[in-house]
Amino acid sequence: MRFSSLVITNDPFDVIQLKDTSNGILVEIYSMGALINGFYVFVNGQLHNVIDGFVSPNAALKEITYGFKSAKLAPFVCRMANGQFNIDGRYYTIGKFYLGDHAIHGLVYDALFEVINLYADEHACSVGLRYHYNGTDKGYPFPFELLVNWKLEANQKVTVTTTVMQQGTVPIPYSDGWHPYFMIGTGIDDCTLQFNSNKQVEFDERLLPTGITISDHRFEQGTLLKDISLDNCFLLDASVPAKCTLSNHLMDLHIQPDKAYPYLQLYIPPHRNSIAIENLSSAPDAFNNDMGLLWLKPNQHYIFSTSYTIKQRNNG
């Protein structure tokens, strides 16, 4: 059979390998956070990981908050001002991780998901993972369930689909996203970036949205990232299919979110070896500024999906 899906270790948590045996493409999924830690493709005869991930599962346990590599972002994304929000005059204060004065990157980035299915046939392979958040954080006492499905198929395409549902009696606020870092064989200064947006979400000095968008046309036709610093959020153009392409002389990484992810957060770390390209359902601090904030209705499914496809370039 062309594709395979199996758990390769369960110490200290389940690690799942998805493989296309026809070309050796490998995808590594950690059940901690349901995150992708590896997407291995052959470049000039050598296997290359396009994910800037962790060196081991134990490293992930210790280091997830250092850069939140590949982290699942839920029930809020990026920064929440002072870790606080209010519903009808009642204030809630997040009790989990803070960067400076602000809560950051949600509550499930280190959650241990359960592997609920493994699937493989001649056309694709996948793993399904489940986590039930039971409302234990005092700042978000609203239970919900997450189902995350990672799928590898032909043409070096990986798709991740998140389904969320809550079973309370009233709607609850929610944002969804991912925080992967990509590296495509060279430093970021040798890469170009293109995506369909001419609107940047304006940030204040705290890196929190002001509530307005500003014009930014730099990336519509693609631009070289050399000398460009990014820790910004963009609103994708809803009138055309969403796409984002990171390219160099070796390969093109195509990212295609569905309409449930209308925001694109970008961050280049100081080492400039990789770039975080984050598909988000809302802007940062949406619990306070309402930019894309969802209200999950009881017993209703909400689905978010994005795909990553690698195309090698023929360099002769």
List every residue pair whose Cβ atoms lie under 7 Å apart, where the two residues are 6 or more positions apart in sequence or sit on different chains, the first residue falls within region 56-78 and is within 12 Å of Glu278 (Cβ to Cβ), and the second residue, located anywhere, is surrounded by fewer than 24 Cβ atoms within 10 Å (Cβ to Cβ) and of a type in the set (Gly, Ala, Ser). Lys69/Gly53; Ser70/Gly53
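In the list Tyr261, Tyr267, which residue meets the criterion of being surrounded by 18 or more Cβ atoms within 10 Å (Cβ to Cβ), of a type in the set (Phe, Trp, Tyr) and within 13 Å of Val77 (Cα to Cα)?
Numbers: Tyr267 fails: within 13 Å of Val77 (Cα to Cα).
Answer to the selection: Tyr261.
Yes or no: region 268-277 includes at least one residue that is of a type in the set (D, E, K, R), touching a Gly at 6+ places or on another chain (Cβ under 7 Å) and touching a residue at least 12 places away in the same chain (Cβ under 8 Å). Step through it out loud before you land on a result.
At the first step, the residues of region 268-277 found to be of a type in the set (D, E, K, R) are 272.
With the extra rule that they be touching a Gly at 6+ places or on another chain (Cβ under 7 Å), the set shrinks to 272.
Checking the rest, the ones that are also touching a residue at least 12 places away in the same chain (Cβ under 8 Å) come to 272.
Yes: region 268-277 contains one or more residues that are of a type in the set (D, E, K, R), touching a Gly at 6+ places or on another chain (Cβ under 7 Å) and touching a residue at least 12 places away in the same chain (Cβ under 8 Å).
Out of curiosity, is Ser22 in a loop (DSSP other than H, G, I, E, B), surrounded by fewer than 19 Cβ atoms within 10 Å (Cβ to Cβ), touching a residue at least 12 places away in the same chain (Cβ under 8 Å) and on the phi < 0 side of the Ramachandran plot? Lay out the reasoning, then the answer.
Numbers: in a loop (DSSP other than H, G, I, E, B): yes; surrounded by fewer than 19 Cβ atoms within 10 Å (Cβ to Cβ): yes; touching a residue at least 12 places away in the same chain (Cβ under 8 Å): yes; on the phi < 0 side of the Ramachandran plot: yes.
Yes; evaluated as a whole, the condition is true for this residue.
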Just name the residue that is modelled with the lowest pLDDT out of those in region 192-212 that are part of a strand (DSSP E or B) and more than 18 Å from His102 (Cα to Cα). Ile212
Check Leu280, Leu294 and return the single one that is surrounded by 23 or more Cβ atoms within 10 Å (Cβ to Cβ) and on the phi < 0 side of the Ramachandran plot. Leu280
From the option list Ala260, Ala283, Ala238, single residue qualifying as touching a Ser or Thr at 6+ places or on another chain (Cβ under 8 Å) and either in contact (Cβ under 8 Å) with a residue 60 or more places away in the chain or not in a strand (DSSP E or B) (or both) is Ala260
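So, in region 25-51, of the ones that are aromatic (Phe, Trp, Tyr) and surrounded by 15 or more Cβ atoms within 10 Å (Cβ to Cβ), which residue ends up farthest from Gly185 (Cα to Cα)? Spell out the reasoning first.
To start, the set of residues in region 25-51 that are aromatic (Phe, Trp, Tyr) comprises 30, 39-40, 42.
Subsequent filtering for residues that are surrounded by 15 or more Cβ atoms within 10 Å (Cβ to Cβ) retains 30, 39-40.
Numbers: Tyr30: 23, Phe39: 13, Tyr40: 11 Å.
Going through the qualifying residues, I end up with Tyr30.
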Search result, residues across region 182-208 that are farther than 22 Å from Pro270 by Cα and either of a type in the set (S, T, N, Q) or touching a Lys or Arg at 6+ places or on another chain (Cβ under 9 Å) (or both): Phe195, Asn196, Ser197, Asn198
Taking the options Lys259, Lys297, name whichever one is modelled with pLDDT of 95 or more and in contact with a Pro (Cβ under 6 Å, 6 or more places away or on another chain). Lys297
Selection from region 117-156 of residues that are surrounded by 15 or more Cβ atoms within 10 Å (Cβ to Cβ), of a type in the set (A, V, I, L, M), farther than 25 Å from Asn86 by Cβ and under 22 Å from the mean Cα position of the chain (by Cα): Leu118, Ala124, Val127, Leu129, Leu147, Val148, Leu152
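Inside region 47-159, counting only strands (runs of 3 or more DSSP E) that do not spill past its ends, which hold 1 or more residues that are polar (S, T, N, Q) and modelled with pLDDT of 95 or more? Break it down into steps so the answer makes sense when it comes.
Details: elements: 71-73, 84-87, 90-93, 102-104, 114-120, 124-133, 144-153.
By residue number, 84-87, 90-93, 114-120, 124-133, 144-153.
Tell me which residues, restricted to region 213-232, are assigned to a loop (DSSP other than H, G, I, E, B) and surrounded by 13 or more Cβ atoms within 10 Å (Cβ to Cβ). Walk me through it before giving the result.
Let us first name the residues in region 213-232 that are assigned to a loop (DSSP other than H, G, I, E, B), namely 216-222, 225-230.
Within region 213-232, Asp216, Arg218, Phe219, Glu220, Gly222, Leu225, Ile228, Leu230 qualify.
The values are calculated or read from the model by the stated rules, or taken from the named source; none is laboratory data. The shown structure was predicted, so the numbers you read here are calculated from the model rather than taken from an experiment. Note: ideal-geometry Cβ built from the backbone for every residue, glycine included; neighbour counts use all protein chains shown.
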